[in-house]
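> Okay, handing you the structure first.
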Amino acid sequence: MAMVAHLHREDSSGSISKHLDAGKYVRYSAEQVEALERVYAECPKPSSLRRQQLIRECPILSNIEAKQIKVWFQNRRCREKQRKESTRLQSVNRKLSAMNKLLMEENDRLQKQVSQLVCENGYMRQHLGPAPATDASCESAVTTPQHSLRDASNPAGLLSIAEETLTGFLSKATGTAVDWVQMPGMKPGPGSVGIFAISQSCSGVAARACGLVSLEPIKIAEILKDRPTWFRDCRSLEVFTMFPAGNGGTIELLYTQTYAPTTLAPARDFWTLRYTTTLDNGSLVVCERSLSGTGSGPNAAAASQFVRAEMFPSGYLIRPCDGGGSIIHIVDHLNLEAWSVPEVLRPLYESSKVLAQKTTIAAIKYIRQIAQEMSGEIVYGLGRQPAVLRTFSQRLSRGFNDAVNGFNDDGWSILNCDGAEDVVVAISSGKNLNSGLNALPMLGGVLCAKASMLLQNVPPAVLVRFLREHRSEWADFNIDAYAAASLKNTYAYPVMRPTKFTGSQIIMPLGHAIEHEEMLEVIRLEGHLLSHEDAFMPRDSHLLQMCSGIDESAVGACSELVFAPIDEMFPDDAQLLPSGFRIIPLDPKPGDLQESLALHKTLDLASSLEVGPATSSHGKISGGAYSARSILTIAFQFPFESNLQDNVASMARQYVRSVISSVQRVAMAISQSGVSPLIGSTLSPASPEAVTLAHWICQSYSFHTGGELLTAESSSSEALLKTLWHHQDAILCCSLKAVPVFTFANQAGLDMLETTLVSLQDITLDKIFDDAGCKGLFSELAKIMQQGSTHLPGGICMSTMGRHISYEQAVVWKVFAAEEDTTVHCLALCFVNWSFV
């Protein structure tokens, strides 16, 4: 009995035990556990070779068998997974509690609004009077009291305005001052950003957001008050006066300039009062409204390029949340003076939905991204820190906005045109390119060629995807090489040279913004010189590129592709001259059909550009075509030396016109076909070719190995593809050529290689294996072709980012092209239990 008790105490102790086939338990010492934990921190899934090496190199593990080590790692991964799942469930529970609180408050607000409308309706029925033209409660909240404006010249008057601004803002944030309606396409939930609403009945345009952010209120207020860091359309914000309000709050007088989104309209500026205070319940409030007067900032002449817009009481209500984090309410209410822009652009200035997409949603998503970065949830590539990559995105966006707007105080001036108004050429000799570690000395300045045009029936996301994935269809390698050479100060005027652009581009991802709505990536363009006369021209060019708005299901204000030439080893303060495309959708007309699900397919118009609409039998969608208008803005910047100004200006104008012609050709092919045509050699997860290939992969695996690749039963081909796409092991296909090239990979395969489906075809099989791996694989090719499959032992391979990957084993098999056909379509590889070393 004593022995049983003793065994029971040993079994219930806190030491780690493992069960072997012989029925024995292995007890690890603290030193052994520490050694295993160190290895686990570096590689959670060590291969069999790595485990054998661990036993040899670590004497304290010499009495432990390799199988026991394997079981320890399996259990350790299981415990880690359980811990993460517990943490995730706790986080979801907190989000659900906060969202429930928000929904209850929203329900109370709607109940008050219903009661108010019922009373007003009864009053009007009783007196049989006509309905008022505007909502009195809304008008009272947005109309600026004249007596307050008369007192704006003294602190007492400013304090009175601040209190009225606070009251007006709170009535919109939590009350019924504005008739809010849920924004189309936005649904609340634990994984969503928040609750979004827009107004359709008050003067101006208004948007509202409520959400949960895992930051403290003071930190959130600090981030949001620094508007230029998160609002891409904000050019500058200057604080002219700041003084305490006497009740613990602060009053500031601000002058703000915002960019115009296109070349067709002037920019906007604001002269506002901002009031920061704390409520009795502990909530932090930052509210803001416009003031009367000419407050035009330090340079009245520069302000003449702006149209003064009006801000009604707006701001942020930040409430501390139980369990950490904050619940934030955001209200934006503006009058953007739509009369000052062409009629075709007025939907951009008169739409509450556009305001919400550009400002309100951008604010709450930015602070959520900061929260995720601080918690370590976001992983970036090439060793770059999240803040550095975020700065790169902001610099690309700001540089592109500067080029599109061409403000006088930045030194921009319009060059004399040759009579054609389709392309505007501006020059800036005051561009500060001679500062920092990567200066461009002896430059005459920077020249920008830009244009805006109206597109009909072209989905912006589809067009931007095409421009990103098929650069050779519109870009000139001579221009890319000229821009790249300018970084080495060895460039000359670009003319048509005997250079071949192979069309091959390697996309190396750096990072994604929240919800993957924005991508930052490095592009390597491969070109081959046909002549050695121009030794200055590099063979390869590198670009830093930002792409956003390519997912139709995401809510975004516009689709953009902005890029800038960089050196191969670009530092954190690299000089950037951004160029690119911006496509802004206008509000669709009533009755316009929504985008088809087929628009999610990868675009390849190479076969249809010359012949018009795609003629393939599967290129039509019965659901109807996209029907809407959008504004395309193109801007390209070029550095130049003073003696080459006229030549570069002529080249830039001609080049932008050729780009416009290519884009129009692509847009026409898209609009005529009604959908995005299917891809050619590159497989998209949504294409029928991918569905067929998934069926071939699974069927061939079962035929050659006698097992099942997918454990889940799939009732349809689409379900089979979905299961294969989300399989935990990396599954890749490569062509049977002299130099095998990858043609398809599931999501795990793309993650392992750290690449995209577009760039997959540029990766050869020998690039991911070391010499030993290549020899082992190629020595088995004869066996694979004879027997149909083989198993390779675990080893090390390499991703496109240069990171080493360990895998437990790899299965290679032939993929037949059809059920009854013995023709080999490709080779498939499955890397089991892979992980980064």
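> Of all residues in the range 248-273, count the ones that are under 26 Å from residue 216 (Cα atoms), touching a residue at least 40 places away in the same chain (Cβ under 8 Å) and either open to solvent by 10 Å² or more (accessible area, probe 1.4 Å) or aliphatic (A, V, I, L, M) (or both).
3
> Which one of these is assigned to a helix (DSSP H, G or I), open to solvent by 90 Å² or more (accessible area, probe 1.4 Å) and not aliphatic (A, V, I, L, M): 95, 84?
Being assigned to a helix (DSSP H, G or I), open to solvent by 90 Å² or more (accessible area, probe 1.4 Å) and not aliphatic (A, V, I, L, M) holds for just one of 95, 84, which is 84.
> Then there's this: Within the bounds of the range 376-387, is there any residue that is in a helix (DSSP H, G or I), at pLDDT 90 or above and open to solvent by 40 Å² or more (accessible area, probe 1.4 Å)?
The answer is no; no qualifying residue exists.
> Still on this structure, I have one more. Any residue that is more than 22 Å from residue 804 (Cα to Cα), touching a strand residue (DSSP E or B) at 6+ places or on another chain (Cβ under 6 Å) and in contact (Cβ under 8 Å) with a residue 24 or more places away in the chain - is there at least one of those in the range 57-70?
Yes, because at least one residue in the range 57-70 is more than 22 Å from residue 804 (Cα to Cα), touching a strand residue (DSSP E or B) at 6+ places or on another chain (Cβ under 6 Å) and in contact (Cβ under 8 Å) with a residue 24 or more places away in the chain.
> Can you list the strands (runs of 3 or more DSSP E) lying wholly within the range 721-837 that have 1 or more residues being open to solvent by 30 Å² or more (accessible area, probe 1.4 Å) and in contact with a helix residue (DSSP H, G or I) (Cβ under 9 Å, 6 or more places away or on another chain)?
Filter on the range 721-837 gives 742-745, 789-798, 804-816, 824-832.
> Of all residues in the range 61-81, which are under 11 Å from residue 32 (Cα atoms) and open to solvent by 70 Å² or more (accessible area, probe 1.4 Å)?
Selection gives 62, 63.
> Here is a list: 717, 673, 622, 681. Which entry is within 30 Å of residue 816 (Cβ to Cβ), at pLDDT below 80 and out of contact with any helix residue (DSSP H, G or I) (no Cβ under 6 Å at 6 or more places or on another chain)?
681
> While we're here: Take the range 31-49 and flag every residue that is in a helix (DSSP H, G or I) and either among the acidic types (Asp, Glu) or open to solvent by less than 70 Å² (accessible area, probe 1.4 Å) (or both).
Those that are in a helix (DSSP H, G or I) and either among the acidic types (Asp, Glu) or open to solvent by less than 70 Å² (accessible area, probe 1.4 Å) (or both): 31, 32, 33, 34, 35, 36, 37, 39, 40, 42, 48.
Table: residues versus (1) under 31 Å from the mean Cα position of the chain (by Cα); (2) in a strand (DSSP E or B).
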residue	(1), (2)
236	yes, yes
254	yes, yes
261	yes, no
268	yes, yes
273	no, yes
276	no, yes
281	no, no
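> Do you know which residues across the range 563-574 are more than 26 Å from residue 657 (Cα to Cα) and either open to solvent by 40 Å² or more (accessible area, probe 1.4 Å) or touching a Pro at 6+ places or on another chain (Cβ under 9 Å) (or both)?
567, 568, 569, 571, 572, 573
> Continuing with this model, one more query. So which of 551, 587, 567, 572 ends up being part of a loop (DSSP other than H, G, I, E, B), closer than 17 Å to residue 517 by Cβ and at pLDDT below 90?
551
> What's the total number of residues in the range 144-175 that are at pLDDT 90 or above and in a loop (DSSP other than H, G, I, E, B)?
The total comes to 0.
> Return the only residue of 314, 326, 292 being at negative phi, at pLDDT below 90 and open to solvent by less than 30 Å² (accessible area, probe 1.4 Å).
So the residue among 314, 326, 292 that is at negative phi, at pLDDT below 90 and open to solvent by less than 30 Å² (accessible area, probe 1.4 Å) is 326.
The values are calculated or read from the model by the stated rules, or taken from the named source; none is laboratory data. Computed from a prediction, not measured in an experiment: that's the story for all the values here. We place every Cβ from the backbone using ideal geometry, glycine too, and count neighbours over all the protein chains shown. The area values use the complete protein model at the heavy-atom level, side chains included, leaving out ligands, DNA and RNA. Shrake-Rupley method; radii C 1.70, N 1.55, O 1.52, S 1.80 Å.
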